[in-house]
1. Return the lysines within reach of Lys214: Cα separation strictly under 17 angstrom, same-chain partners fewer than 8 residues apart disregarded; answer none if there are no such residues.
2. Quick check on the stretch 1-82: what are the equivalent-ellipsoid semi-axes from the Cα gyration tensor, as sqrt(5λ), descending, whole Å?
3. Determine the percent antiparallel among the DSSP beta bridges restricted to the stretch 1-157, to the nearest 5.
4. Around Ala12, under 12 Å between beta carbons, what's the net of Lys plus Arg minus Asp minus Glu among the other residues?
5. Rg and Dmax of the stretch 68-147, Cα atoms, in Å?
6. Below 14 angstrom from the Cβ of Gly238, what's the summed charge of the other residues (Lys, Arg +1; Asp, Glu -1)?
7. To the nearest µm²/s, what D does Stokes-Einstein give for the chain at 20 °C and 1.002 mPa s, using the Kirkwood radius over alpha carbon pairs as Rh?
8. So for each of 146-154, 363-371, 426-434 I average, over its residues, the number of other beta carbons within 10 Å; can you give me the resulting order with the highest mean first?
Amino acid sequence: MDAAAADRVRAALVERLGRESVVVSPEDRRLASADASRMFTDCLAVVRPKDEGEVVALVKAAHELGFTIVPRGAGTSPTGSAAAGAGQVVVDLSRMDRILAVDARDLVAEVEPGVLCGALQARCEEAGLFYPPDPASSRVSTLGGNVATGAGGLRAVKYGVTRDYVLGVRAVLGDGSILDVGGRALKSVVGYDLVRLMVGSEGTLGIFTKLTLKLLPKPESAETLVADFAAVDGAYRGADAVLAAGVLPRALEAMDGEVAAIVADYLGEAADPTLGSRLLVEVDGDREAAARDADRALAALKAAGATNARRAADPAEREKLWRGRRSISPAVYRASPAKKSEDLGVPRSKLGEAVAAIKAAGRAEGVRVIAYGHAGDANLHVNFLYDPAQSGAKERVARTIDRAMDVVLAAGGTISGEHGVGLKKLAAARREISPAALAIMRGVKNLFDPRGVLNPGKAVPAEEDLCAS
Ligand SMILES: Cc1cc2nc3c(=O)[nH]c(=O)nc-3n(C[C@H](O)[C@H](O)[C@H](O)COP(=O)(O)OP(=O)(O)OC[C@H]3O[C@@H](n4cnc5c(N)ncnc54)[C@H](O)[C@@H]3O)c2cc1C
C-alpha cells in the first residue's frame, strides 16, 4: 500500500469510527506495532475501540478498505504475536476494560478483554474469591491477551493455566459476525469445544470482546518457602522431593544460582557466590493445612540436600521473594547486551537432564545459558545471553537454540510451554506439529476467518510451508 493509499485508509477509519478511537500519529503507530519481542515495524493505524460495535465496524472496514488486523492487549508477548507491520491496523483492546460481573455464587467473572489480569485478581480477593492463573506479567498483561496466548504462570502446578478457567468467549470473527460460545455453566459437553479452541489462538480466529472466567473460593492462607542448593540441579530434585512427600504446592519455581545473582544485582542486594540453584515453594489452603504442608515441604527439601530451607518470616519477606522472581526478566535484560529466551517444556522426570543437556550445548558453542522456570509443571525459561557485537555470536546462539529444541522434542516435550508461536517460532512449530494436524489447523483458520484478515501469518505455519514439508 503506497503512502497516499495509507492516508486514505486512515481518513476512512477516522470517518467511520471517530477521532477518539483512531490513532494515526507515527509515534503511537510505532509503539503499538511492537510487542515484547522487540520486533519494531510500522503499522497503518491503531484503533482503540470503546465497544464491540466498533470492533465489528473495524472488521467490516478491513474487508472494504483492504487491510489486515492485529489484536493487541498490552503487547507483552515475547513471540511477535502482537507485532504489526505495514498494511496492518492494530486493534488495541485496552479501552474495553470493564469487569462486568464477579459472582460469588456462580463462581464466575465476566470481563471485557482489556481488563488487566492483576485487576481481576485484586477484585476477586476483595470479594473473598480467587482467580488462580498468574502469569509473571499479571500486573501489566490483559485477560484478552492471556486467553489468546493460553497463558501459564506461577500457580499452574496446582491450579492449572488460563485455559482451565475460560468458560465462555464472545468474539468478532473474520467476517464481522459474532460468535458467542460457552457461558456460566461450569461444565458443558454439547458439541465441539470451541471455547478451548479459541484459547491460545493468538488473535487469528477472532477478536475477543467478552470473556467468562471461572473463579474459586479464596484460600484462607498461603506460606512461601525458599530453599537453596549447592548443585545446579538441586532445585529440581527439591521440587521432586516436595511432590513425592504428598504436598501439592501452588508454586514451585526454580532458578539457577546465576539467575539469583543477576536478580540480586538488579535489586541492589548481596549475591551468594556458592549458590547452585534456588527453589521457591508456595503452599496454600486453610491455615492448618497450609502450615502442615509447609512443614512437610521443609522436611522434604532438607532431606533433598537444601543448604538453607526456611519459611518467609512475614508478608514483607514473602513479597520480597516473589518480587525477585518477577524481576528475572528485566534483570536479565539489564545484565546482558542481548538475550534470546525460550519457554521449553518437558515431562517432569526429564527436567534436570534437559537443563544439563542445553547448558552443555551452550558450552560447546561458547554461549552462556541460564535457566529458571516453573519446576512444578516442567516449563523452563532458558535464556541464551550474547553480545551481538561479537562476530558469529548470533549464529552460535541460533545453533544452541536449535539444539535445545532437539533436546526437548526428543524428551517428548514442547518448544513452547506458555508463550506460544507468534512469528518467532513459526519455523520451529513445524518440528512439533505434524503435517496432518497442520492441515486441520489451516482448515479451522479458514472457517473462522475465510479471507485471512485476523493476525495473518501468526501462530500456525502457512500453507506454502506445509506443501514444502
Ligand atoms: C516480564 C514478563 C513476564 C511474563 N510472564 C509470563 C508467564 O509467567 N506466563 C505466560 O504465559 N506468559 C508470560 N509472559 C508473556 C505475556 O505476558 C503473555 O503472553 C500474555 O498473555 C500476553 O498478554 P497481553 O495482554 O500483553 O497480550 P499481547 O501481547 O498484546 O497479545 C498477545 C496475543 O494475544 C492476542 N490478543 C490480545 N488481545 C486479544 C483479544 N482481545 N482478542 C483476540 N486476541 C487477542 C494478540 O493478537 C497476540 O496474538 C510474560 C511477559 C513478560 C514481558
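1. Qualifying lysines at Cα under 17 Å: Lys158, Lys187.
2. Rounded to whole Å, the semi-axes are 21, 15, 11.
3. 45 percent
4. +1
5. Both quantities, over Cα of the stretch 68-147: 13.9, 47 Å.
6. So the surrounding residues net to 0.
7. 92 µm²/s
8. In descending order of packing, they fall as 146-154, 363-371, 426-434.
The values are calculated or read from the model by the stated rules, or taken from the named source; none is laboratory data. Just so we're clear, the structure is a prediction, and the values are computed from it rather than from any experiment. Neighbour counts run over all protein chains shown; Cβ positions are idealised from the backbone, glycine included. Note: areas computed on protein heavy atoms with side chains; ligands, DNA, RNA excluded. Shrake-Rupley method; radii C 1.70, N 1.55, O 1.52, S 1.80 Å.
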